[in-house]
Amino acid sequence: MSGDGVHLRGSGHFDGGSWDAERLDPWAGDRPRVPRRAIPGLVLIGLFTPLFLVGAVLAAVRGEWTMVAGFAAWGGLFGHVAGVFVFLRWRPRRPGVLPATAVTPDGAPGLCFRYSGWAYFWLLGMLCWGALVPLAIAAVWFVTGGVAVIGAIALVGVALLVCGQIAATLSLAPGRLILTPDGLYHRGQLITQYSPWSGVTAVDAGRAGQVRIIRVWVAPSSGDRLRIRLRPWFLPAEERVALPGIVLRDPWLAVDPRTVHRALRHYLLNPSHRGELGGPAAVERIEQGRLFLY
């Protein structure tokens, strides 16, 4: 475990042993766990979501459309929170999803690992709710008047910050990691970055909390290019401390993270193979599993 609370595995130092499960799968035996402190909240979400939806149906039968909107909104919010929780802890294998060739904004061809559309659906949905709920409460407080107006203004400020994050995320969507013969280009949720292979020092696999991550360690150099939308404190902690390195989180990846981790390690440890990046040979290598990791 590193000093910033991120658990790292699979550093890849060859010790002459066999190809064990952890080398092929750095998360072998790592199962998602539900934190005990989250259990009461999950129970409440499980109870209230259907109750709100039933309330919306009963209100519709009585023709109380304002109540329908209120019940439906709260039911949708609770249901989306439950969906996000399941999505972040659901770890399906994605053997049928392979990388493809693509070009960077500079026109360099490379091997592309794209981000998942489902990740954007769940995250942006959560952010939209995070903007709509404060705005709805603020509207009520504005009507109430008095001291409540101060709180309403603060809530509008919070909603504007969330809207800024939504706009920044959409401006970079869809995210991707592109491995080119010369370096790595990454377009994430709020960040774009490029580092030459000469600056990449290691590739680690681990987890941040309950989320599996891949971390590409990069020694700062003049060849790095980095742009962060909004402010650095909008980035997750594990991403901030790794800069100018690259952090990839499992839920965001459309391709199985094991495949991404193996590909990164292969091309880091076998520089003579990087010339094939951007062509069909790289895709065929991934599909056939011809990756030399140690």
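Only the coordinates and a few stated rules stand behind these numbers; no lab work does. Bear in mind the structure is a predicted one, so any value in this text is a computation, not a measurement. Cβ coordinates were reconstructed from backbone atoms using ideal geometry, including for glycine residues, and neighbour counts include every protein chain displayed.
Points to keep in mind about this one:
- Oblate is the label for segment 52-185. Its Cα gyration tensor axes, ordered a ≥ b ≥ c, give a/c of at least 1.5 and b/c at or above a/b.
- Modelled FRET efficiency - R0 30 Å, PHE142 with ALA167, Cβ distances, 0.05 increments: 0.80
- Part-to-part distance (alpha-carbon centres) for segment 88-162 and segment 200-238, which is given in Å: 20 Å
- Each label was represented as a point 7 Å from its Cα along the Cα-to-Cβ direction; for LEU160 and ALA60 these points are 3.7 nm apart.
- Environment charge at TYR115 (Cβ cut-off 12 Å; Lys +1, Arg +1, Asp -1, Glu -1): +3
- Placing +1 on each Lys and Arg Cβ and -1 on each Asp and Glu Cβ, with no other charges, gives segment 242-294 a dipole about its Cα centre of roughly 160 debye.
- Cα convex hull of the chain, projected area averaged across orientations, nm²: 19.2 nm²
- Segment 156-294 shape via C-alpha gyration tensor axes, a/c threshold 1.5: prolate
- Equivalent ellipsoid of segment 117-173: semi-axes from √(5λ) of the C-alpha gyration tensor, largest first, are 28, 10, 5 Å.
- For segment 262-294, the residues whose amide N sits under 14 Å from a probe point set 7 Å from the Cα of LEU98 along the beta carbon direction are 278-291.
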